[in-house]
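Chemist: Below is the structure I would like to discuss, written out as structure tokens.
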Amino acid sequence: MTAKHLTSVLGALAVSATAAGAGEFAEANYTTDLSGVCPNPLIIQKDWLMQAEHGPILQMIGSGGVMEQGAYRGPLGSTGIELVVLEGGGGIGLADGETAYSALFLGNNRAGLVPHLAYHELDNAFIFSERFPAVGVFTPLELAPQALIWDAGTYPDGFGSVEDLIAFAESEQGMIYVSTINRTFGRYLVEAGVPESVFVEGYRGDAENFVVNNGTWLNQGFITSEVYKFENGNNWGRPMDYVLVNDLGYPNYTGMVSVSRDRMEELAPCLEALVPIMQQAAVDYITDPEEVNEVVVAFNEGDYAVGWWNTPADEVANAAAVMREAGIIGNGPNDTIGDFDMDRVQAIYEIVSPNLDERADPDVQPGDVVTNRFIDPTIGLE
């Protein structure tokens, strides 16, 4: 797949939650009365620091919220309840050893709150199905933006399959730099036949290995972030290309909004009304992301997250454009946004199930970790 990116750089943006018109779109469009069925405030725990990928959830507040250290809160449209969106990531969001999904059970110790809903990954939902049994009820991202990326000039033919990666390893032209091969996607590649010897572990968003090796390495990365950064900086400034992990045979759902299994029936009346709002918010965000993009930029520039986390306006705008173009946010194989393709869920189950351990329910099945029960099938991108 060829990477497509915005070529123009947007001017500096500033946003105030008290600006004229702030939150008016959300107020006018998200009107279902939630006051009698949902907790107030409703708390959602994000998986990482604020970025464009969180746009569908932030859209429900729009620019009419209040920025606080580690949280963005405001009225959820005109539904009658307040929404609190907690930061993920280290330093300001989750404490050491915490994840968004563990917070459903143990709480977010930095915030001193137990969220009602939290972001989760499908593979980890199986892996932790005993320790942290959670159920995905809505997926803002149809495709995971995680990818392997490379210099397009060095490898003009690119890499589109596991077989291509095996051939790359055999060529000894470079290495594949990933976070780990001990679990999830990295483990999948090794078990699919890519030699362990071609991998270098430890990737944490850094560019040094790629640059020092003159673009001969393949890097783990996100098409919403690293591709643009390499093309426009990172001491590189040359065209990049990528292959999504989905296209390599690992069709994971990331950032799915989940509820703890033991609270699903308690929250079911809320979810019946809330999930369709989330679906519509995803449509609205990816159709016109500017208002929420400005919130993302202002939140991070205002040091409400952490000082090292920067999301310049051009990068956020590019991320939203790439998500639309690449189908990261979009309908699945049907005309519905936010639902789960159970064939994909089954595929991830078959990949991870041979390696499940005591953290997993030994009897876990695909229907235990996701549900389309609350999805409105009529809501989708046109």
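Chemist: If the Cβ limit is 7 Å and pairs must be 6+ apart or interchain, which residue in region 275-294 that is surrounded by fewer than 24 Cβ atoms within 10 Å (Cβ to Cβ) pairs with which residue that is modelled with pLDDT under 95 and not acidic (D, E)?
Modeler: E294/L13; E294/V15
Chemist: Based on what the data block shows, is P140 over 21 Å from the mean Cα position of the chain (by Cα) and modelled with pLDDT of 95 or more?
Modeler: Numbers: over 21 Å from the mean Cα position of the chain (by Cα): no; modelled with pLDDT of 95 or more: yes.
Judged against the criteria, P140 is not a match.
Chemist: Further, regarding this structure: From the list M240, M264, pick out the single residue that is surrounded by 17 or more Cβ atoms within 10 Å (Cβ to Cβ) and not assigned by TED's automatic domain parsing to the domain that holds A192. Before the answer, list the steps.
Modeler: On the way: M240 fails: not assigned by TED's automatic domain parsing to the domain that holds A192.
Only one candidate qualifies: M264.
Chemist: Please specify each residue of region 150-182 satisfying the condition of being part of a strand (DSSP E or B), over 26 Å from N355 (Cβ atoms) and out of contact with any Leu (no Cβ under 6 Å at 6 or more places or on another chain). Step through it out loud before you land on a result.
Modeler: Narrowing region 150-182 to residues part of a strand (DSSP E or B): 150-151, 176-178.
Adding the requirement that they be over 26 Å from N355 (Cβ atoms) leaves 150-151.
Correct list: D151 only.
Chemist: Could we say that S225 is closer than 30 Å to N213 by Cα and either in contact with a Pro (Cβ under 9 Å, 6 or more places away or on another chain) or among the acidic types (D, E) (or both) here? Show your work before the answer.
Modeler: Values: closer than 30 Å to N213 by Cα: yes; either in contact with a Pro (Cβ under 9 Å, 6 or more places away or on another chain) or among the acidic types (D, E) (or both): yes.
It is true that S225 is closer than 30 Å to N213 by Cα and either in contact with a Pro (Cβ under 9 Å, 6 or more places away or on another chain) or among the acidic types (D, E) (or both).
Chemist: Give the number of residues within region 301-333 that are assigned to a helix (DSSP H, G or I) and touching a strand residue (DSSP E or B) at 6+ places or on another chain (Cβ under 9 Å).
Modeler: The initial filter retains those residues of region 301-333 that are assigned to a helix (DSSP H, G or I), namely 301, 313-325.
Narrowing the set further to residues that are touching a strand residue (DSSP E or B) at 6+ places or on another chain (Cβ under 9 Å) leaves 319.
Total meeting the criteria: 1.
Chemist: While we're here: Can you pull out the residues in region 334-382 that are charged (D, E, K, R), part of a loop (DSSP other than H, G, I, E, B) and closer than 29 Å to L189 by Cα? Give the derivation first.
Modeler: The first filter runs over region 334-382 and keeps only residues charged (D, E, K, R), leaving 335, 339, 341, 343-344, 350, 357-359, 361, 363, 368, 373, 376, 382.
With the extra rule that they be part of a loop (DSSP other than H, G, I, E, B), the set shrinks to 335, 339, 341, 357-359, 361, 363, 373, 376, 382.
Passing the criteria: D339, D341, D357, E358, R359, D361, D363.
The values are calculated or read from the model by the stated rules, or taken from the named source; none is laboratory data. What you see is a predicted model; the values in this text were computed from it and never measured. Methodologically, a virtual Cβ is constructed for each residue, glycine included, from the backbone with ideal geometry; neighbour enumeration extends over all protein chains shown.
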